[in-house]
1. Does SER62 meet the test of being within 8 Å of ligand 1 (Cβ to nearest atom), within 24 Å of LYS12 (Cα to Cα) and among the polar types (S, T, N, Q)?
2. Can you tell me which of (1) open to solvent by 10 Å² or more (accessible area, probe 1.4 Å); (2) under 14 Å from the mean Cα position of the chain (by Cα); (3) closer than 22 Å to THR103 by Cβ is the one LYS51 doesn't meet?
3. Just the residues that are among the charged types (D, E, K, R), touching a Ser or Thr at 6+ places or on another chain (Cβ under 9 Å) and farther than 15 Å from ARG119 by Cβ, please, taken from region 82-109.
4. Within region 41-48, is there a residue that is near ligand 1 (Cβ under 10 Å from one of its atoms), in contact with a Gly (Cβ under 9 Å, 6 or more places away or on another chain) and either under 15 Å from SER17 (Cβ atoms) or in a strand (DSSP E or B) (or both)?
5. Could you look through region 112-123, keep only residues that are within 13 Å of ligand 2 (Cβ to nearest atom) and not β-branched (Val, Ile, Thr), and pick out the one that is surrounded by the most Cβ atoms within 10 Å (Cβ to Cβ)?
6. Please go through region 1-40 and pick out each residue that is open to solvent by 40 Å² or more (accessible area, probe 1.4 Å) and assigned to a strand (DSSP E or B).
7. Considering region 70-95 alone, what residues qualify as being within 8 Å of ligand 1 (Cβ to nearest atom) and in a helix (DSSP H, G or I)?
8. Take SER65 and decide whether it is farther than 15 Å from GLU38 by Cβ and either at pLDDT 95 or above or small (Gly, Ala, Ser) (or both).
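The values are calculated or read from the model by the stated rules, or taken from the named source; none is laboratory data. Here the structure is a predicted model, which is why all the values come from computation and not from measurement. Note: ideal-geometry Cβ built from the backbone for every residue, glycine included; neighbour counts use all protein chains shown. Quick note on the areas: whole protein, heavy atoms, side chains included, nothing else; ligands and nucleic acids left out. Shrake-Rupley method; radii C 1.70, N 1.55, O 1.52, S 1.80 Å.
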Amino acid sequence: MRKIEHIGIAVKDLKTSNALFKRLLGSEHYKEEEVAGEGVNTSFFQVGETKIELLEASREDSPISKFIEKKSEGIHHIAFDVEDIHAEVLRLKAAGFEILNETPKDGADNKLVVFLHPRSTNGMLVELCQNKNN
Ligand SMILES: CC[C@@H](C(=O)O)C(=O)SCCNC(=O)CCNC(=O)[C@H](O)C(C)(C)COP(=O)(O)OP(=O)(O)OC[C@H]1O[C@@H](n2cnc3c(N)ncnc32)[C@H](O)[C@@H]1OP(=O)(O)O
Ligand SMILES: [Co+2]
């Protein structure tokens with residue numbers, strides 16, 4: 001794993017949270033993107049070499065709706081940048097981690113993504129991200 005690619009934050013309302021994070025970080029979000037496969041609308045803020053990804057549910061059965069209902073708004077996952085996502089999946093599986101999707105799926109920002117179940121990572125949802133142009 002090369003660096004923290006982004007920190008995902010579950011929010012109820014993207015517009016309200018865009019304004020809050022603009023006040024917090026002192027800069028505007030640089031893009032918004034819907035990822036229909038995940039049931040989310042996202043916005044991104046650059047913070048040095050990493051990013052904050054705000055996630056709003058775009059449908060009732062989105063993982064974000066369930067998370068906010070059971071817990072609250074707040075940190076939802078940490079995403080690590082990897083060079084070869086297939087090799088990382090094999091390495092992490094052999095090391096005993098529970099992979100939620102062994103076949104990488106389309107994420108935001110031109111990425112392929114894989115998730116690890118929080119019950120195998122001390123309660124933290126982990127995302128692996130590989131740039132599609134790698
Ligand atoms: C924008 C695209 C992409 C990107 O490019 O960056 C994204 O970031 S998409 C983000 C949204 N997508 C996902 O989260 C996909 C992966 N998540 C899942 O598959 C599910 O959410 C889950 C993690 C398997 C949980 O689903 P489910 O089992 O249906 O939910 P429960 O509410 O029953 O939870 C079971 C268990 O897990 C705990 N949990 C759930 N979510 C989280 C979380 N984000 N962080 C930590 N723990 C989490 C939940 O509390 C339950 O624990 P117990 O109550 O102790 O059983
Ligand atoms: Co993410």
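1. yes
2. (3) is the only condition that LYS51 fails.
3. ASP109
4. yes
5. LEU116
6. Within region 1-40, LYS3, ILE4, ILE7, LYS31, GLU32, GLU33, GLU34 qualify.
7. The one that is within 8 Å of ligand 1 (Cβ to nearest atom) and in a helix (DSSP H, G or I): LYS70.
8. no
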